[in-house]
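> Structure in structure tokens, see below.
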2 protein chains.
Amino acid sequence: MGIFQRFARLPLKSTYIWSLCPQYSTDLTAVDRALIVRSSQLIQHRCVHSRVMGASPGNPGAAPPRLPFSRVTREDLAFFRTLLPGRTITDPDLLKSSNVDWLKTVEGNSEVLLRPKTTEEVSQILRHCNERNLAVCPQGGNTGLVGGSVPVFDEIILSTSLMNQVITFDNISGILTCQAGCVLENLSNYLEERDFIMPLDLGAKGSCHIGGNVSTNAGGLRLLRYGSLRGTVLGLEVVLADGRILNCLATLRKDNTGYDLKQLFIGSEGTLGVITAVSILCPRKPKAVNVAFLGCSSFQQLLETFQCCRGMLGEILSAFEFFDASCMSLLEKHLKLTNPITESPFYIVIETAGSNATHDEEKLHKFLEEVMTSSLVTDGTVATEATKIKALWSLRERVTEALTHEGYTYKYDISLPVEKIYDLVQDMRGHLGDMAKNVVGYGHVGMSSEPSTGPDYILCISIANNIKLSQ
Amino acid sequence: MGIFQRFARLPLKSTYIWSLCPQYSTDLTAVDRALIVRSSQLIQHRCVHSRVMGASPGNPGAAPPRLPFSRVTREDLAFFRTLLPGRTITDPDLLKSSNVDWLKTVEGNSEVLLRPKTTEEVSQILRHCNERNLAVCPQGGNTGLVGGSVPVFDEIILSTSLMNQVITFDNISGILTCQAGCVLENLSNYLEERDFIMPLDLGAKGSCHIGGNVSTNAGGLRLLRYGSLRGTVLGLEVVLADGRILNCLATLRKDNTGYDLKQLFIGSEGTLGVITAVSILCPRKPKAVNVAFLGCSSFQQLLETFQCCRGMLGEILSAFEFFDASCMSLLEKHLKLTNPITESPFYIVIETAGSNATHDEEKLHKFLEEVMTSSLVTDGTVATEATKIKALWSLRERVTEALTHEGYTYKYDISLPVEKIYDLVQDMRGHLGDMAKNVVGYGHVGMSSEPSTGPDYILCISIANNIKLSQ
């Protein structure tokens, strides 16, 4: 398969340069093997602060060896400058922010940043790099929290930041087609004006690119209601590593013709090709939205609140998020945000979205009455007005930001049966002791495509440890 | 890629034997080409009643040439009989129903039907067939309406009908894992007892297999509410054409580790491997279900009713189906079903499913009041009781069955913008004149993963022409 054939030239997860044989003798087992190699290599990812982790060449934390890719020559630069005049960046100061990830955990040494505006330019860049055996690191908003968006060595950074145009929007079907570098929040604003919303939302919305969201199969805050990108992404345009353009930009809700090749590019993090355009099904803006912010005195009570919520809010439940008291302290300390309720060990953000404000409020009030009288919830506040909704949401959304003010953050997304998930945070606290400034837990509860009936799993809990630099 | 490497030995869509070179030099373009070849070859599919279509060897309707696969020998049969004692069928009478599709449109000449019970047996069958260069036709419930489930020539039929065991069900998460040959209705009954439902439902539920549903990426009646199988199928176990077993039976709601290989098998109709087990996320049984059966005097009014319905029923709308007056005549004539309302050119079945019976009924009644007073709808009836709901649903579900009583049926699933879709039926009527006994239209309206906000497309309209045999 050509789609796999050339990706040896593309860095995997932008951090590890894959070593599949170029003659493409690969079979399924080889791919499996490569994936395993990938995971183990990722553990060896070069850390900016590897000294903290006690890394040495033979230990985890050390960088994997650079593979025999070519070095960028003067001729290469001349080619890029002709192709992308003024958009071939080599100034080290300008390159710095693209070489470091948002959490400042990992850093590369790329000397060239390319900023194409069109699919054709991306195609020409990749064709050239493929012919010259130059490694490439595709980069969207560089908001990833797992070190996946920056180079490991001197890979050329291919940024989608200037590919930021909406191509078409159909305000009957709600189908948006846009370039991969569109910032999620800009798309949201564009749609809100037209009475639609994006089917995904995340804390990084102000910077992250839709192409990066799709490449990483981002879940985010609306997954509970609108399902995964595997369902809402209707089509993709992708440039393969040898420059060929694969157009799967279908805009049909159901398309069973041939193999659904676009699925291969969702979540494969640029390893199979660079996504250059996305078509996505956008839901209509809900008529009524409410947000409740609640406090719980134990994780067990939080889970019972979730169970109760699923039953009583049913199909209008659109988000159920939580964070712990340590997160709240950091929000107050570094971002000067105010806790709107009395202090609690755990906080919950619940959002409802529905078609009938009266029915929704009635359901919400019945639910709140139930959880207050049964003492599952200790305190709470409800918002129906946009500004207040935004303020409540920002508490949850800005936890990651607050953590960065404390120093280096290690963040893990973990899926476990719900009963056990918070034990991880407590065990980690015990394990790290005063090695860590903070060990906090926050995330989504019960991701499901069918809100009233989702499974009892927490699927994302971010255990963020701020390691003390002095250690 | 190994997954593609050997499928030259598997018939494509069970009707066309693919001719990709076995040395696997294929690249993406080759796959595209193959898909195109596939479509054109399908047009040449051998018809049972090719005389009706005036087929001749050089014309559409003629069979494609048989590719140089081996013939089944006595040694092969001995191997199968040792592997599957009593489950290697060679009696022509017993084979007959597996050689003909449900609509009796196409017929193969297979002389061997194998009925494995386990994945290991499927693996051994395929390994043997691969080594012996024997063509295989995987078959589920053989309920497909497009001739995809029967052999073209003498392919060995590999039936999943004895692979009918539920493996596990988690009544907290709603995750069901079962063998591929489980009949959809049996799974539905199994789940209903446990207060869950299957995320898909179709007219053929009494015979169709879950493996076949996944292989064909079946949409069905609940797609509007629970989304496509690409989201609800969490894992698959697949046997590749050379007998290797690929275990992707994950039961996580979100699994971003590695490539999502299972997506390749959803909708690829057995061409990449045989699905042997499925794990699927099942929604909890809704607390309140209502069905409304309405009559409309024009297709335009039907579309306006749909628009109104989406706005007023919002998140509780779980199905919106239609059929025309010609369908109703056939239901009355052949199945003795009774039209519960006054005669109309068009009929609509609307289903709501929600968490609060009072709210749902209030929404439904407001909607009905609106469409009756604005004369969008001429007559209607509502059911909340299970037996009556079933009776109303069977009108829509049994249209295809009613058509078969009139003779050979050609059925097309077509996606077009909503405004134009019914013109097709009318144009076809004009075009065929008295060549056709009936030209009818029926199907789903507005398939969407987000009920309140779906797009304005009809995505499936079955234009069924009963061609007169006398012509």
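> Check whether at least one residue in segment B:364-377 is within 32 Å of the chain's Cα centre (by Cα) and within 14 Å of another protein chain (Cβ to nearest Cβ), and report yes or no.
Yes: one or more hits.
> Closer than 25 Å to B:Pro65 by Cβ and outside any loop (DSSP other than H, G, I, E, B): is that true of B:Glu111 in this structure?
Spelling it out, it is not the case that B:Glu111 is closer than 25 Å to B:Pro65 by Cβ and outside any loop (DSSP other than H, G, I, E, B).
> Among the residues of segment B:29-36, is any acidic (Asp, Glu), at pLDDT below 50 and under 25 Å from the mean Cα position of the chain (by Cα)?
For segment B:29-36, residues acidic (Asp, Glu), at pLDDT below 50 and under 25 Å from the mean Cα position of the chain (by Cα): present.
> What's the number of the only condition in (1) away from every other protein chain (no Cβ under 11 Å); (2) farther than 23 Å from B:Ser149 by Cβ; (3) hydrophobic (A, V, I, L, M, F, W, C); (4) under 21 Å from the mean Cα position of the chain (by Cα) that B:Leu249 fails to meet?
With (1) away from every other protein chain (no Cβ under 11 Å); (2) farther than 23 Å from B:Ser149 by Cβ; (3) hydrophobic (A, V, I, L, M, F, W, C); (4) under 21 Å from the mean Cα position of the chain (by Cα) applied to B:Leu249, the lone miss is (4).
> Checking the structure you have, find out if any residue of segment A:410-430 is over 30 Å from A:Asn290 (Cα atoms), in a loop (DSSP other than H, G, I, E, B) and of a type in the set (Ser, Thr, Tyr).
no
> Does B:Gly258 count as within 14 Å of chain A (Cβ to nearest Cβ), among the small types (Gly, Ala, Ser) and at positive phi?
yes
> Can you tell me which residues in segment A:310-323 are under 22 Å from A:Gly441 (Cα atoms) and either away from chain B (no Cβ under 11 Å) or surrounded by fewer than 21 Cβ atoms within 10 Å (Cβ to Cβ) (or both)?
Listed by number, the residues that qualify are A:Ala319, A:Phe320, A:Glu321, A:Phe322, A:Phe323.
The values are calculated or read from the model by the stated rules, or taken from the named source; none is laboratory data. If you're wondering where the values come from, they're calculated on a predicted model, not measured in any experiment. As a convention, Cβ positions derive from the backbone with ideal geometry for all residues, glycine included, and neighbour counts pool all protein chains shown.
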